[in-house]
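The values are calculated or read from the model by the stated rules, or taken from the named source; none is laboratory data. In this text, all values refer to a predicted model and were calculated from it rather than measured experimentally. Cβ atoms come from the backbone with ideal geometry, glycine included; neighbour counts cover every protein chain shown.
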Amino acid sequence: MRVSVDKSNNTIGYKIRSAQQEKVPYMLIVGAKEVENNTLAVRSRKYADLGSMSGDEFFAKAQKEIAEKSKDN
């Protein structure tokens, strides 16, 4: 799993569109609300907005998806 952080001064909408054009599978958005609630706002290239979840929930979901992909190959 590769991770990159976009700390540019662009708007969040621009950053999301850019990531979609680059076909980034998952975008994890962390703003003031997420920090306060200790959550991540998760967006998927396939399924759009997946809502808020904890870091542990997201990583469990990602590991499951990776394991399923490995079985298919």
*Residue in the range 46-72 that is nearest to I16 (Cα to Cα), counting only those that are of a type in the set (S, T, N, Q) and modelled with pLDDT under 95*: Q63
*Long-range neighbours under 6 Å by Cβ, at least six apart or interchain, first residue over 19 Å from Y47 (Cβ atoms) within the range 4-30, second surrounded by 12 or more Cβ atoms within 10 Å (Cβ to Cβ)*: D6/K15
